[in-house]
Amino acid sequence: MLLTADNFQNALIASALAGFGATTLGAVPAMFLRRLDERLNNNLLSFAAGVMLAATIFSLLLPGIARSKQGGASVASAVLQAIAALCLGGFILWAINELVPHDHFTKGHDGAIDVGRLRKIWLFVIAIAIHNFPEGLSVGVANGTGEFGTSLGATLGIGLQNVPEGLSVAVALQSQGYSRRYSIGVTALTGLVEIVGGVFGAGVLLISEAVLPWALAFAGGAMLFIVSDEIIPETHRTGFENGATFALFVGFSLMMFLDAVLA
Ligand SMILES: [Zn+2]
């Protein structure tokens, strides 16, 4: 139950596989693809959003609430605690999003600080890093529970949605004029951010086991922010909203199934 060195090691391996590995794997077809059909791109990213949404609920929030109750909290206080941590996760992501300058491929520039001479490529990388950190965090925290089903569910789910995300990023970088190899390399680099998130998430749990329910819901809030602030708007602005919505349902259902079967 307690976070052990084993769980920490698992978190490291899981975030490396689901974050770096899956993102890089997804980027590889960009070797042969110059561009992605806009409709397909929206569908792939919406699928990822659906997985993230269901992972937020089933792999992070519900296990967090269950853990609080196991720790002796009443139902009401367990849920209120999860809500507080969820909102805190969303708020911190919002603050990062506001403060740190970055560029989305379709949404354009975000962040209050003047960009100055930051090279454009880094603005994309920062945007993807902001997206990827919560995913790594989720994998790290889920693996920190030491529960096999929760860990495997979160790892598989996040890994699964990173494949289309990696492809989308690598192709988008190419469409910005970067070479194939450079685009794939930079995409792989953004996958490394998930390892940082994973180590951070599992590391926080080393402080005390009492942090666990908070960390689970916090990671969920961070993911929920990305889904609502970034992915849904970006996949609903080029005229293929219906397909995007259905793709989100597919991703959500798949993650819900994975969690139910594994946990
Ligand atoms: Zn994602």
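Tabulated data
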| item | result |
| --- | --- |
| Compactness of segment 24-106, expressed as Rg and Dmax over alpha-carbon positions, Å | 18.4, 55 |
| Accessible surface, per residue, of the chain when the full set of protein chains is kept, probe 1.4 Å, Å² | 44 |
| Alpha-carbon centroid distance for the pair segment 169-218 / segment 51-72, whole angstrom | 21 |
| Value of [θ]222 nm, deg cm²/dmol, for the chain, DSSP H segments ≥ 4, -39500 (n - 2.57) each, nearest 500 | -24000 deg cm²/dmol |
| Relative contact order of segment 1-156, pairs being alpha-carbon contacts under 8 Å that are 6 or more residues apart, as % | 38 |
| Surface accessible to a 1.4 Å probe, residue 246 within the full protein complex, Å² | 140 |
| Axial C-alpha extent at least 18 Å, average Kyte-Doolittle at least 1.0 - helices from the chain (DSSP) | 75-99, 120-144, 180-205, 212-226, 241-262 |
| Inter-probe distance in nm under a simple model that places probes 7 Å from Cα toward Cβ, at residue 121 and residue 181 | 1.3 |
| Share of carbon and sulfur in the accessible heavy-atom surface of the chain [1.4 Å probe, %] | 71 |
| Relative packing of peptides 39-46, 122-129, 155-162 - highest average C-beta neighbours within 10 Å first | 155-162, 39-46, 122-129 |
| Percent RCO, i.e. relative contact order, over the chain, from Cα pairs under 8 Å lying at least 6 residues apart | 44 |
| Segment 132-263: relative contact order in percent, alpha carbon pairs under 8 Å with at least 6 residues between | 42 |
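The values are calculated or read from the model by the stated rules, or taken from the named source; none is laboratory data. Small disclaimer: the values here were computed from a predicted structure and weren't measured. A quick note on method: Cβ atoms are made from the backbone with ideal geometry, for glycine too, and the neighbour counts reach across all protein chains shown. Ligands, DNA and RNA are excluded from the accessible area calculation, which covers all protein heavy atoms including side chains. Shrake-Rupley method; radii C 1.70, N 1.55, O 1.52, S 1.80 Å.
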